[in-house]
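Worksheet: the structure to be examined is printed underneath.
The values are calculated or read from the model by the stated rules, or taken from the named source; none is laboratory data. All of these numbers come straight from a predicted model, not from anything done at the bench. Glycine gets a Cβ as well: all are built from the backbone with ideal geometry, and neighbour counts include every protein chain shown. The accessibility values were calculated without ligands, DNA or RNA, using every heavy atom of the protein model including side chains. Shrake-Rupley method; radii C 1.70, N 1.55, O 1.52, S 1.80 Å.
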Amino acid sequence: MRVVVHIVGARPNFMKVAPIHRAIAERGHLRQLLVHTGQHYDVKMSDVFFTDLGMPDADIHLGVGSGSHAVQTARVMIELEKVFETERPDLVSVVGDVNSTLAAALVAAKMAIPVAHVEAGLRSFDRTMPEEINRIVTDRVSDWLLTPSPDADENLRREGTEPERIVRVGNVMIDSLLASKARADALPTLVDLGLTPRGYAVCTLHRPSNVDDPGRLGGLLDALAFVSTRVPVIFPAHPRTRRMIAEAGLTSKLDSSSNLRLVEPMGYLEFLALTSQAKLILTDSGGLQEESTALNVPCLTLRENTERPVTVSVGTNLVVGTDPDRIKHEAAKILEGRGKRGRVPELWDGHTSERIAELYERVLGAR
Ligand code: UD1
């Protein structure tokens, strides 16, 4: 049987690879190997997602851990080259835009192993964002560019990608969301946190541009504190965000707003239970912009740009930047019921992984 290697490394990879792995396994025409680079390693940043998503444990763990961009990317490359030498895969499947994605695509391309990039073509046009570099380079060296939305196709065409290599498959993360929603709804998350449906906001922040600058982070916490005077704000904090709040001496801002509740990172199901019943989501995460749109929950993106414009043109997302007054103004509108309404983009239908499995079988001649 032809062999497909899937690479996972960081939190946003797991909910994308789980449905693809399952769809290929169910069809039974390809052998699969799951490689975990170890970019994320905490139980709450990694293990819990395997359990929640029903994904088998990785076949191979590289254990690269944290480091500067060069160190982390290089470590993944060094370890993966050995794996590819031994396993000789017929296709390497990478998802998203994290350092592990870029490293895997580079190694495979240099070894003349075909690469498929799931979530290709997204562009924020902001090269100060590490993910933007990862997206551009991964797309350049990939053979198959599997896109979630028409804007992505357009970006790739504009960059000169041959149209026959671009395949619009839809948004694979939404496969996980739809498959998990009923299980998430059955959890006692809201009751445990003392929340009522549509009676609270959810916030996540982890981008270096937001959390590494104490001034910016302080302003964002002020805006969140304002929202928390109206409704409780649940803020599951990435380890980096928690560390930066402490280092910047901003803990007092949280202490003085008892309704702004910093909690530990959550598992996939628990977090879905929380987001799906929220009145408002505030985030700098790309994935959460998409999930908000799929859940029809208003989302304010606390960044100057988005690589996911379809969540704005079609969905519930509004890019508001990081000015605290603008955030407060837009949040108040949503809390008063004057939030933006949206629709679910085309092909975000829960069947993207099947389209991907079919494509992989076809390009590998496995059917
Ligand atoms: C990475 C991705 C980002 C993605 C995010 C989701 C890149 C360039 N960035 O950013 O696109 O949105 O994951 O979370 O690949 N840490 C822990 N435990 C862990 C993992 C990380 O404590 O399990 C801490 C470490 O201090 C580490 C820091 O978080 O140095 C940053 O981790 P890293 O993987 O480098 O980047 P993220 O900010 O998580």
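If you take just the helices (runs of 4 or more DSSP H) that sit entirely in the stretch 163-221, which of them hold at least 2 residues that are surrounded by 21 or more Cβ atoms within 10 Å (Cβ to Cβ)? Here the list reads 172-185.
One residue stands out in the stretch 230-256 among those that are within 11 Å of the ligand (Cβ to nearest atom) and out of contact with any strand residue (DSSP E or B) (no Cβ under 9 Å at 6 or more places or on another chain): the one that is nearest to residue 211 (Cα to Cα), namely 244. When residues in the stretch 293-322 are screened for being farther than 13 Å from residue 282 by Cα and not hydrophobic (A, V, I, L, M, F, W, C), 10 of them pass. Only one of the listed residues (314, 319) is open to solvent by 30 Å² or more (accessible area, probe 1.4 Å) and touching a Pro at 6+ places or on another chain (Cβ under 8 Å). That residue is 314.
Quick check on the stretch 326-343: of everything there that is free of Cβ contacts under 8 Å to residues at least 60 places away in the same chain and not basic (Lys, Arg), which residue is farthest from residue 95 (Cα to Cα)? Checking each candidate, the answer is 336. Answer yes or no: is there a residue in the stretch 34-50 that is under 24 Å from residue 178 (Cα atoms), assigned to a loop (DSSP other than H, G, I, E, B), at pLDDT 95 or above and in contact with a strand residue (DSSP E or B) (Cβ under 6 Å, 6 or more places away or on another chain). No, because not a single residue in the stretch 34-50 is under 24 Å from residue 178 (Cα atoms), assigned to a loop (DSSP other than H, G, I, E, B), at pLDDT 95 or above and in contact with a strand residue (DSSP E or B) (Cβ under 6 Å, 6 or more places away or on another chain). Restricted to the stretch 261-301, and to residues there that are assigned to a strand (DSSP E or B) and open to solvent by 10 Å² or more (accessible area, probe 1.4 Å), the residue that is farthest from the ligand (Cβ to nearest atom) is 261. Report yes if residue 304 is in contact (Cβ under 8 Å) with a residue 24 or more places away in the chain, within 16 Å of the ligand (Cβ to nearest atom) and either open to solvent by less than 10 Å² (accessible area, probe 1.4 Å) or charged (D, E, K, R) (or both), otherwise no. Considered against the rule, which asks whether it is in contact (Cβ under 8 Å) with a residue 24 or more places away in the chain, within 16 Å of the ligand (Cβ to nearest atom) and either open to solvent by less than 10 Å² (accessible area, probe 1.4 Å) or charged (D, E, K, R) (or both), residue 304 comes out as no.
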